[in-house]
1. Quick check: residue separation of ILE19 and PHE109 times 0.36 nm, minus the Cα distance between them. What number comes out in nm?
2. May I have the extent of the alpha carbons of region 32-71 along their three principal axes, as whole Å values ordered from largest to smallest?
3. Compute, for region 1-113, the length of the dipole vector about the Cα centre, with Cβ point charges of +1 (Lys, Arg) and -1 (Asp, Glu) only. Units Debye, rounded to 20.
4. May I have the pair-distance distribution P(r) for region 70-109, computed from all Cα-Cα distances with 10 Å bins from 0 and rounded to whole percent?
5. Would you mind working out the magnitude of the charge dipole of region 62-102 relative to its Cα centre, with +1 at each Lys and Arg C-beta and -1 at each Asp and Glu C-beta, to the nearest 20 Debye?
6. Quick one: how many Å² of LEU6 are accessible to a 1.4 Å probe, rounded to 10?
7. Just to verify a number: FRET efficiency for ASP97 and LYS76, C-beta to C-beta distance, R0 = 35 Å, to 0.05?
8. Which Cα, out of SER21, LEU65, LEU47, lies furthest along the positive dipole direction of region 1-84 (beta carbon charges, K/R +1, D/E -1)?
Amino acid sequence: TSVRILYDEQYLYIGFICIDSEPDLIFAEVSEKDSPDLRFDDSVWVLLDIFENLDAYFYFGMNVLGIKGDGQLKKKDLFHEPQWDGEWEGASKRTEDGWTAELSIDLNFLMYSPREGETIRLSLSRIVPRLEATLLTEPLDPAFRLSNMGGLKQIGFTFPEKKIRIAPYVLPKAAIQGDFD
């Protein structure tokens, strides 16, 4: 699995390339948004801790069919709010050797405006059901175990300096010749 992350002042863009040695066995049957069964399909997941408190998270997931699921989680008491709907877009596509997924998450909707030098914490996950032998004990198993979320990776925001460049120029005076009616 390869992941690319881009961002701007409003969005976090995440692209997954999910290579599979047996692409004919990729499995997805969930066709309803926010279905808890989405975690049993071949899917990708993003968990964001934008407040860096290691307790409250937003999650975004998508299966190979492009069906999305999102919600909020709190580590304390394993609070889970799957009815929460974020502002984000996603698309997926099967390929010869697996599948790809692209997510575009509106950070401003999450009340977060990235600024130079600030960070957010995130965790990325890919579920391949035929390779998972997991007993489900938490709301997002097998994608994430909230009890083990102490080591989330950080993304530091840097933006290019916006510069204005003025380039003066002179237009030459053109000689107009000829008869015009």
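1. Using 0.36 nm per residue and subtracting the Cα-Cα distance, I get 29.2 nm.
2. 32, 14, 14
3. Roughly 200 debye for region 1-113.
4. That works out to 24, 34, 30, 12, 1, in percent per bin.
5. Here the size comes out at about 200 debye.
6. The accessible area comes out at roughly 120 Å².
7. Between ASP97 and LYS76 the formula returns 0.25.
8. LEU47
The values are calculated or read from the model by the stated rules, or taken from the named source; none is laboratory data. Every value quoted in this text rests on a predicted model; they were computed, and no experiment measured them. Methodologically, a virtual Cβ is constructed for each residue, glycine included, from the backbone with ideal geometry; neighbour enumeration extends over all protein chains shown. Each accessible area value is taken on the protein alone, full model and side chains, heavy atoms only, with ligands, DNA and RNA left out. Shrake-Rupley method; radii C 1.70, N 1.55, O 1.52, S 1.80 Å.
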